[in-house]
Amino acid sequence: MTPVKKTGIVKDPIYLEHKPGYLHWESPQRLEVLYEMLTEKDMAEKFETIAPRKATREEIELIHEHRYYDYVASTAGKSRFSLDSDTQTSELSFEAALFAAGGLLVGVDKIMAGELVNVFGLVRPPGHHAEAGQGMGFCLFNNVAIAAAYAIKRYGLSRVLIVDWDLHHGNGTQHSFYRDRRVLYFSTHQYPYYPGTGAFGEVGEGEGKGFTVNIPLSMGHGDAEYYKIFKKVLVPIALEYKPEMVMVSAGFDTYFKDPLGGMEVTSAGYATMAQVILDIAEACSDKKLLITLEGGYNLGGLRDGARSVIKQLMGENAADPELLGRDLDGIGKTADYTIDRAIGIQKEYWKCFS
């Protein structure tokens, strides 16, 4: 009897057609190495391949301005166009961006229908920097934000957790829900660094006050520090919030050899973070978990980090056994100040810290 696959992977050749330029960091090679990894013996046939669809204008405009959609659409067929100094498009970039967002929407549908437990969207262009009316930071449309807004509108969800572990703060995702308590945004990121947002005091406004949690980090943090932050800050808040679906912006630019980063995370560290999030999803949302690819520019680190996360999603333990279950007081001590500072701010909004 063929075992039932619980993990889906969104993949498609269209994502390779976004070509922002020769030697650009966000190159098609990033997905080429990931798609090749999926064919290797330890990965092949263990997951369900998900074919994406195009997101509609209406779905993109759940997050983005009407005029901005038209602006990105106007780049179709042009060999090169700059949305900002870091963000270029090619002939099929608009098409790829529609499929990137749409691929996550198919993932949401499959999870909500009970066809799959979790989904990892290996898509590009990435999304978490894209603002309502501006593409930036290699991002055209904000894939994870569109997916969260879609889950709320299509399925009536009222509590979605987005965890962003990319090296860079997801300014676009934060701003999309800054006044909306239906999405809890939690971000760990190198700070101060691009794009300059994500300070401790950015906690949301109006109805969304307290539903943005930023953990700005200095350089040099690794597996133990991230695990400790997740266990001491993310887990208590998430268990109190009780999300109906969990989403992750998974950047692998915190890898210890990443050329754009200054962190020390290993492939086992990514699996360890994934396990913490899997535990949250199991406790709160009947395991509903959607992950999307963001950054990661060391191709070996991207490949190995994504592999370890996918293995964790499939129930094959790739996490660091020496971290899981350890006494938190004995590890990651360089993150203690940051943890204390974050809890000091968040205790105003979350009973778990009172």
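No lab work stands behind these numbers, since they all come straight from the coordinates. All values reported here derive from a predicted model rather than from experimental measurement. Positions of Cβ are generated from backbone atoms using ideal geometry, with glycine treated the same way; all protein chains shown enter the neighbour counts.
Restricting region 268-314 to residues that are charged (D, E, K, R) and more than 23 Å from Glu45 (Cα to Cα), which is surrounded by the fewest Cβ atoms within 10 Å (Cβ to Cβ)?
Kept after step one, since they are charged (D, E, K, R), are these residues of region 268-314: 279, 282, 286-288, 294, 303-304, 307, 311.
From what is left, the residues that are more than 23 Å from Glu45 (Cα to Cα) are 279, 282, 286, 294.
Details: Asp279: 17, Glu282: 14, Asp286: 12, Glu294: 29.
Per the stated criteria, the residue is Asp286.
I need the helices (runs of 4 or more DSSP H) fully contained in region 153-265, keeping only those with at least 2 residues that are farther than 18 Å from Gly305 by Cβ and without any contact (Cβ under 8 Å) to a residue 24 or more places away in the chain.
Working: elements: 171-176, 223-229, 235-241.
In region 153-265, no matching helices (runs of 4 or more DSSP H) lie anywhere.
Here is a yes/no grid of residues against (1) in contact with a strand residue (DSSP E or B) (Cβ under 6 Å, 6 or more places away or on another chain); (2) of a type in the set (D, E, K, R); (3) under 27 Å from Gln275 (Cα atoms):
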| position | (1), (2), (3) |
| --- | --- |
| Glu58 | no, yes, no |
| Asp86 | no, yes, no |
| Gly121 | yes, no, yes |
| Phe141 | no, no, no |
First in region 62-75 and farther than 10 Å from Gly133 by Cβ, second anywhere and aromatic (Phe, Trp, Tyr) and surrounded by fewer than 21 Cβ atoms within 10 Å (Cβ to Cβ), Cβ under 8 Å, 6 or more apart: Thr75/Phe81
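Could you please let me know if Asp320 is in a loop (DSSP other than H, G, I, E, B) and either under 23 Å from the mean Cα position of the chain (by Cα) or loosely packed, with under 12 Cβ neighbours inside 10 Å (or both)? Give the derivation first.
Details: in a loop (DSSP other than H, G, I, E, B): yes; either under 23 Å from the mean Cα position of the chain (by Cα) or loosely packed, with under 12 Cβ neighbours inside 10 Å (or both): yes.
So Asp320 passes the test.
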Which numbered condition Ser93 fails, given (1) closer than 20 Å to Leu34 by Cα; (2) surrounded by fewer than 22 Cβ atoms within 10 Å (Cβ to Cβ); (3) not charged (D, E, K, R): (2)
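How many residues, within region 247-267, are within 22 Å of Gly300 (Cβ to Cβ) and buried (at least 21 other Cβ atoms within 10 Å of the Cβ)? Don't jump to the end; show me each part of the working.
Initially, region 247-267 is screened for residues within 22 Å of Gly300 (Cβ to Cβ), giving 248-267.
Subsequent filtering for residues that are buried (at least 21 other Cβ atoms within 10 Å of the Cβ) retains 248-255, 258, 261, 263, 265, 267.
So the count comes out to 13.
Only one of Lys54, Lys46 is closer than 17 Å to Val144 by Cα and among the basic types (Lys, Arg). Can you tell me which?
That would be Lys54, the only listed residue that is closer than 17 Å to Val144 by Cα and among the basic types (Lys, Arg).
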Within region 1-55, considering residues that are closer than 28 Å to Ser85 by Cα and out of contact with any helix residue (DSSP H, G or I) (no Cβ under 8 Å at 6 or more places or on another chain), the one surrounded by the most Cβ atoms within 10 Å (Cβ to Cβ): Glu26
Per-region count, region 123-145, residues in contact (Cβ under 8 Å) with a residue 60 or more places away in the chain and either surrounded by fewer than 24 Cβ atoms within 10 Å (Cβ to Cβ) or not aliphatic (A, V, I, L, M) (or both): 14
